1. Looking at the stretch 40-57, I want the residues that are closer than 20 Å to Arg73 by Cα and have a partner that is surrounded by 23 or more Cβ atoms within 10 Å (Cβ to Cβ) and at pLDDT below 85 with Cβ atoms under 6 Å, at least 6 apart or on another chain. Which pairs are those?
2. Enumerate the pairs (first residue in the stretch 59-84 and among the β-branched types (Val, Ile, Thr); second residue anywhere and part of a helix (DSSP H, G or I)) with beta-carbon separation below 6 Å, excluding pairs fewer than 6 apart on the same chain, so at least 6 apart or on different chains.
3. Name the residues in the stretch 53-73 that are under 14 Å from Asp28 (Cβ atoms) and among the charged types (D, E, K, R), would you?
4. Working only within the stretch 91-109, note down all residues that are of a type outside the set (Val, Ile, Thr) and either under 12 Å from the mean Cα position of the chain (by Cα) or assigned to a helix (DSSP H, G or I) (or both).
5. Could you check how many residues of the stretch 74-90 are surrounded by 12 or more Cβ atoms within 10 Å (Cβ to Cβ), among the aliphatic types (A, V, I, L, M) and assigned to a helix (DSSP H, G or I)?
6. If I ask for residues that are surrounded by 19 or more Cβ atoms within 10 Å (Cβ to Cβ) and either touching a residue at least 40 places away in the same chain (Cβ under 8 Å) or not hydroxyl-bearing (Ser, Thr, Tyr) (or both), which ones from the stretch 23-38 would you list?
7. Here are some residues: Asn4, Asn44, Asn14. Which one is farther than 18 Å from His105 by Cα, at pLDDT 60 or above and not in a loop (DSSP other than H, G, I, E, B)?
Amino acid sequence: MLTNTKYNDSNILNILLNTNIKSFIDEDGDSPLNYAIDYGQIDNVKLLIKDKRIDKNHINKKGETALSYAKRRIEEVKKDDKLTAEQKKEIIQNINEIITILKNHNVPE
């Protein structure tokens, strides 16, 4: 169910947010915020970060906050041979914007 954030559909995300948000932590400890970051979905990150039920200090099983997760994701995108240079550029640009959003909301590293 977490993968709905990859489609950048805020309507679907709003429906999910009207349910028990705590139930959307996956087996790796990743939250909907991690998934929105993973796919560079700026609008979904903005929506999630404003929701008071989202724990901005959440740490996944790798010991990562959303901010450290975003920084690692950039490095993964750079090394991903399945992506074109243009795709990499767009995803990295989006994740960099997400990093700024997270920092502006005092998300710890």
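1. Going by the 6 Å Cβ cut-off, the qualifying pairs are Gln41/Thr5; Asn44/Thr5.
2. Qualifying pairs under 6 Å: Ile74/Ile92; Ile74/Ile95; Val77/Lys88; Val77/Ile91; Val77/Ile92.
3. Result: Lys61, Lys62, Glu64, Arg72, Arg73.
4. Taking the stretch 91-109 and keeping what is of a type outside the set (Val, Ile, Thr), we get 93-94, 96-97, 102-106, 108-109.
Listed by number, the residues that qualify are Gln93, Asn94, Asn96, Glu97, Leu102, Lys103, Asn104.
5. Going through the stretch 74-90 one residue at a time, the tally reaches 2.
6. Of the stretch 23-38, the ones surrounded by 19 or more Cβ atoms within 10 Å (Cβ to Cβ) are 24, 30-38.
Passing the criteria: Phe24, Asp30, Pro32, Leu33, Asn34, Ala36, Ile37, Asp38.
7. Details: Asn4 fails: at pLDDT 60 or above; Asn44 fails: farther than 18 Å from His105 by Cα.
None of the others qualify; the one that does is Asn14.
The values are calculated or read from the model by the stated rules, or taken from the named source; none is laboratory data. Only a predicted model underlies this, so the values are computations on that prediction, with no experimental measurement involved. Because the Cβ atoms are built from the backbone with ideal geometry, glycine has one as well, and the counts that use them run over all protein chains shown.
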